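Visitor: Sharing a structure below in structure tokens format, with a few things to ask.
Readers should treat all values here as calculations from the given coordinates under stated rules, not as data from a laboratory. Small disclaimer: the values here were computed from a predicted structure and weren't measured. Quick reminder, even Gly has a Cβ in these numbers, built from the backbone with ideal geometry, and neighbours come from all protein chains shown.
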Ligand SMILES: Cc1cc2nc3c(=O)[nH]c(=O)nc-3n(C[C@H](O)[C@H](O)[C@H](O)COP(=O)(O)OP(=O)(O)OC[C@H]3O[C@@H](n4cnc5c(N)ncnc54)[C@H](O)[C@@H]3O)c2cc1C
Ligand code: SF4
């Protein structure tokens with residue numbers, strides 16, 4: 001085992017949040033090292049194929065999944081530089097003001113320690129930095145005013161447009177979707193050509209994956225990435241008041257220690273608590289940053305109610321991006337479906353390019369069909385099928401949690417048990433959104449339509465290291481600094497006390513930008 | 001920049017065909033070519049191959065010729081971090097061969113119990129269809145091994161991959177593939 005020369009910052013995970021932190025800190029002159037479990041992917045690795053696209057996802061994840069709705073980790077996760085955002089769909093809706101105050105407004109769930117107004121300037125900053133296409137003005141029917149997006153909305157295609165009549169008939173206004181993609185050339189990166197391969201990585205850089213935005217900036221400013229290196233512990237000093245660095249296994253599977261003045265965990269919402277639990281010492285017997293007992297608690301996922309519709313016309317479903325063309329917050333009111341026993345926001349999107357295979361492919365639109373019936377369906381669907389999706393919110397539940405298991409991984413680190421079940425209110429919202437999807441489809445004039453039902457999906461991931469006002473009721477403050485150890489920080493959606501219904505990453509970036517700037521501004525009092 | 005220029009910018013996807021060994025040397029082939037050339041199997045035994053081909057063909061017509069067994073077998077022989085199988089993204093624990101062996105064994109065992117000791121590949125077309133229809137709904141009594149609906153989901157997906165997920169599959173269906181970086185060997 002070698003102990004490497006101390007650096008200013010060590011960041012665990014070179015995904016969405018880690019890359020942003022690295023960029024802000026390296027540009028502020030800090031010596032930054034990112035330790036990343038997966039490969040250092042290049043743009044030339046992003047082969048346009050659903051099969052080859054699976055290479056950039058985790059394989060053999062170190063969790064045991066339990067509960068009524070076990071979490072679909074490997075599909076949702078990332079592995080290698082860029083993290084899951086190397087192959088995300090780049091839908092960039094914001095959270096709305098109500099998302100930050102669920103407890104105050106509804107007496108359930110939790111409040112964030114900050115408001116929409118605290119995050120809003122950072123949404124604008126992120127958009128200007130990495131490029132967002134959309135029409136901010138049109139969104140302002142639902143949210144406070146902000147700056148215009150740097151690029152106009154993306155092109156739309158029949159696969160999105162055909163839904164508009166049905167949505168309007170149901171009183172649902174749609175606006176151009178905000179996406180982290182280029183509708184026009186932006187900062188030397190080309191405009192999108194609408195071939196729909198975003199979900200296996202966009203090798204031309206029309207989609208803002210972190211390797212070509214924040215991580216590229218960080219590297220330019222001197223940050224170093226150590227790929228194929230897995231962190232197993234965060235180290236603390238004898239007094240237990242200071243993080244001193246991390247222990248990791250390098251690409252040759254040799255154990256190393258990287259010392260640092262500040263440690264930032266950015267290994268996604270499930271790994272961050274797993275690492276903190278595995279870093280227990282006599283001073284922190286329940287795991288680091290766990291004086292509240294809430295480490296690993298309140299894990300949350302989104303779910304989606306999809307509606308398929310088949311049209312006689314060619315809906316150009318091979319064209320577009322895998323992000324959305326139209327979006328709506330019309331059903332965002334958390335009580336919108338109260339009459340059906342549901343609680344939580346719904347965020348609706350329409351229009352997406354479709355491929356044939358993989359989980360999102362149209363061969364799975366009728367999972368019950370096989371044999372000659374499937375072959376016949378593929379012929380009909382290849383031009384005529386399109387999907388509408390409604391994302392739903394679940395409330396934080398302390399029983400949805402990450403804990404250490406006794407079984408160990410290849411590095412001798414305990415696996416974690418990840419327990420997750422949706423509440424009755426979430427299930428009711430999922431069902432209500434299916435019902436509404438059918439009403440919408442009926443009003444489009446589609447010749448056939450049906451709900452994309454299967455086991456309730458788990459999408460995106462939140463919680464486990466929630467932020468809050470006080471050390472007794474949360475793991476970090478609103479910047480991601482742990483209450484217990486000043487130079488130990490956490491980044492990413494694990495900080496979110498509630499999850500809204502919007503896709504998370506625009507907010508992950510905004511929260512990370514706010515946290516990283518705060519860290520730079522108080523560096524002298526934080527760094528150990 | 002024109003679209004063609006953009007695509008031309010991105011080259012060098014040298015690894016995108018699968019490596020099969022023929023007479024001790026490695027060659028890059030698509031699973032269809034591997035099937036046509038009778039490339040020896042590395043991981044699955046003859047019985048497992050037979051069951052897999054019969055099941056694949058029942059799930060997605062054309063899967064046998066498209067090389068379902070060669071695809072799965074080759075994928076089970078590479079380190080799990082390089083695997084392209086749907087099993088990877090559905091939280092199956094590596095080594096993935098364990099899952100496939102258990103799944104194919106479970107199918108044959110249930111088939112034998114239900115159909116007078118006949119393994120799945122020995123059933124008639126109609127019998128195979130009826131068996132899969134029950135398996136996908138978890139309606140086969142006394143089932144042992146990985147759950148039937150999950151086997152259905154995964155093997156159907158593998159079969160869809162080789163029949164519809166390739167460039168050849170898109171061409172046969174008549175829809176544009178439009179790759180930025182094309183997999184080699186039209187695979
Ligand atoms: C298919 C798909 C579509 C998506 N679409 C959207 C979308 O449209 N809009 C949206 O907002 N979000 C989307 N997301 C979600 C988005 O990608 C994530 O929210 C985001 O990437 C999370 O950021 P993160 O920094 O927390 O984690 P990640 O970006 O996943 O980065 C975590 C990194 O940590 C590394 N790591 C883990 N453990 C260790 C360890 N022990 N040591 C070292 N490194 C480690 C991982 O390898 C990974 O690279 C999508 C995700 C997927 C998978
Ligand atoms: S559709 Fe656009 S963003 Fe998606 S992969 Fe193609 S060029 Fe990239």
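Visitor: Roughly what % antiparallel, to the nearest 5, for the DSSP beta bridges in chain A? Before the final figure, lay out the partial values.
Guide: Values: 47 of 72 bridges.
Bridges in chain A that DSSP calls antiparallel: roughly 65 percent.
Visitor: Another one. Assuming R0 = 35 Å, can you tell me the calculated FRET efficiency for the pair residue A:216 and residue A:155, based on Cβ-Cβ distance, to the nearest 0.05? Each step should come with its number before you reach the end.
Guide: On the way: r = 26 Å, r/R0 = 0.75.
The calculated FRET efficiency here is 0.85.
Visitor: Return the distance in nm (one decimal) between the two label points of a simple spin-label model at residue B:93 and residue A:281, each offset 7 Å from Cα along Cα→Cβ.
Guide: 3.2 nm
Visitor: Per-residue mean of other chain beta-carbon atoms within 10 angstrom of the beta-carbon, peptide B:162-172?
Guide: On the way: counts 2, 6, 11, 10, 5, 2, 0, 3, 5, 0, 1.
Mean number of neighbouring Cβ atoms from other chains: 4.
Visitor: How far apart, in nm, are the 7 Å Cα→Cβ label points at residue A:439 and residue A:125?
Guide: 4.2 nm
Visitor: If r is the Cβ-Cβ distance from residue A:147 to residue A:5 and R0 is 30 Å, what FRET efficiency results, to the nearest 0.05? Please report the intermediate quantities before stating the final value.
Guide: Values: r = 42 Å, r/R0 = 1.40.
Approximately 0.10, to the nearest 0.05.
Visitor: Also, I was wondering about something else. Could you work out the relative contact order of chain A? I mean the mean sequence separation of Cα pairs under 8 Å and 6+ apart, divided by the number of residues, in percent. List each step's numbers first, then the result.
Guide: Values: 1378 pairs, mean separation 124.2, N = 528.
Result for chain A is 24 percent.
Visitor: Another question about this same structure. Alpha carbons only, please: Rg and Dmax for the range A:474-517, in angstrom.
Guide: For the range A:474-517, the Cα radius of gyration and maximum Cα-Cα distance read 10.5, 32 Å.
Visitor: For the range A:65-200, rounded, prolate or oblate, judged on the Cα gyration tensor with a ≥ b ≥ c (square roots of eigenvalues), a/c < 1.5 rounded, else prolate if a/b > b/c?
Guide: rounded
Visitor: If you count, for every residue in B:82-90, the Cβ atoms of partner chains within 10 Å of its Cβ, what is the mean?
Guide: Working: counts 3, 5, 7, 3, 7, 3, 9, 13, 5.
Neighbouring Cβ atoms belonging to other protein chains average 6 per residue here.
Visitor: Let me make sure I get this right: for the range B:91-173, a, b and c are the square roots of the gyration tensor eigenvalues over alpha carbons, sorted descending. Under 1.5 in a/c it's rounded, otherwise prolate if a/b > b/c, else oblate. Which is it?
Guide: Numbers: a/c = 2.22, a/b = 1.40, b/c = 1.59.
It is oblate, given that a/c is not under 1.5 and a/b is not larger than b/c.
Visitor: When Cβ neighbours within 10 Å are restricted to other protein chains, what is their mean count per residue of peptide A:55-68?
Guide: On the way: counts 7, 0, 2, 4, 13, 10, 4, 0, 1, 2, 1, 0, 0, 0.
Per-residue shielding by partner chains comes out at 3.
Visitor: Continuing with the same structure: Just round it to a whole percent: the fraction of Cα-Cα distances in the range A:215-282 exceeding 21 Å. Numbers along the way, then the final one.
Guide: Numbers: 672 of 2278 pairs.
In whole percent, the long-distance tail amounts to 29.
Visitor: If you don't mind, there's one more thing I want to ask. Translational D (Stokes-Einstein, µm²/s) of the protein assembly as shown at 37 °C and 0.692 mPa s when Rh comes from the Kirkwood sum over C-alpha pairs? Spell out each step's value before the answer.
Guide: Numbers: Rh = 26.1 Å.
It comes out at roughly 126 µm²/s.
Visitor: Starting from the alpha-carbon convex hull of the range A:314-355, give the projected area averaged over all orientations, in nm².
Guide: Details: hull surface 16.0 nm².
If I average the Cα hull's projected area over directions, I get 4.0 nm².
Visitor: Follow-up question, since we're still on this one. Among A:202, A:192, which comes first, then next, by fewest other beta-carbon atoms within 10 Å? All intermediate terms of the calculation are to be shown ahead of the outcome.
Guide: Details: A:202 29, A:192 23.
By the 10 Å Cβ count, ascending: A:192, A:202.
Visitor: Given labels modelled 7 Å from the Cα in the Cβ direction, how far is it in nm from residue A:314 to residue A:406?
Guide: It works out to 6.2 nm between the two label points.
Visitor: From a point 7 Å beyond the Cα of residue A:424 in the direction of its Cβ, which residues of the range A:368-404 have a backbone N at a distance under 16 Å?
Guide: A:395
Visitor: Then there's this: I'd like the FRET efficiency for residue B:78 and residue B:150, computed as 1/(1 + (r/R0)^6) with the beta carbon distance as r and R0 of 25 Å, rounded to 0.05. Display every interim value, and only then the final one.
Guide: Values: r = 22 Å, r/R0 = 0.90.
The calculated FRET efficiency here is 0.65.
Visitor: Same structure, new question: Quick one: length gained pulling residue B:47 to residue B:133 fully straight, 0.36 nm per residue minus the C-alpha distance? Walk me through the numbers before you get to the answer.
Guide: On the way: separation 86, 0.36 × 86 = 30.96 nm, distance 2.21 nm.
In short, 28.7 nm is gained.
Visitor: For B:77, A:104, A:17, which order do you get if you count the other beta carbons within 10 Å of each Cβ and list the fewest first? Intermediate values should be presented prior to the final figure.
Guide: Values: B:77 17, A:104 11, A:17 35.
Taking fewest neighbouring Cβ atoms as first place, the list is A:104, B:77, A:17.
Visitor: Would you mind calculating the gained length between residue A:527 and residue A:42 on full extension (0.36 nm times residue separation, minus the Cα-Cα distance), in nm to one decimal? If you can, show how the numbers build up before the last one.
Guide: Details: separation 485, 0.36 × 485 = 174.60 nm, distance 3.28 nm.
Between residue A:527 and residue A:42, full extension yields 171.3 nm more.
Visitor: When a/c reaches 1.5 or more, the comparison of a/b and b/c decides; with that in mind, is the range A:7-76 rounded, prolate or oblate per its Cα gyration tensor? Don't jump to the answer; show the numbers that get you there.
Guide: Numbers: a/c = 2.93, a/b = 1.51, b/c = 1.94.
Oblate is the answer for the range A:7-76, as a/c is 1.5 or above yet b/c matches or exceeds a/b.
Visitor: Cα centroids of the range A:345-373 and the range A:114-151: how far apart, whole angstrom?
Guide: Centre-to-centre distance over Cα atoms comes out at 31 Å.
Visitor: Could you work out [θ]222 nm for chain A from helices alone, using -39500 (n - 2.57) per DSSP H run of at least four and dividing by all its residues? Round to the nearest 500 deg cm²/dmol.
Guide: On the way: 14 runs with 124 residues, N = 528.
It comes out at -6500 deg cm²/dmol, rounded to the nearest 500.
Visitor: Please list, by residue number, everything in the range A:401-424 whose backbone N is under 16 Å from a paramagnetic label point 7 Å out along Cα→Cβ of residue A:64.
Guide: Inside the label zone: A:401-410, A:412-420.
Visitor: Mind grabbing the base-10 log of I(q)/I(0) for the range B:3-186 at q = 0.10, 0.11, 0.14 Å⁻¹? Debye formula, identical points on the C-alpha positions, no solvent, two decimal places.
Guide: -0.42, -0.51, -0.79
Visitor: Another question about this same structure. Fewest to most neighbouring Cβ within 10 Å: what's the order for A:434, A:100, A:509?
Guide: A:434, A:100, A:509
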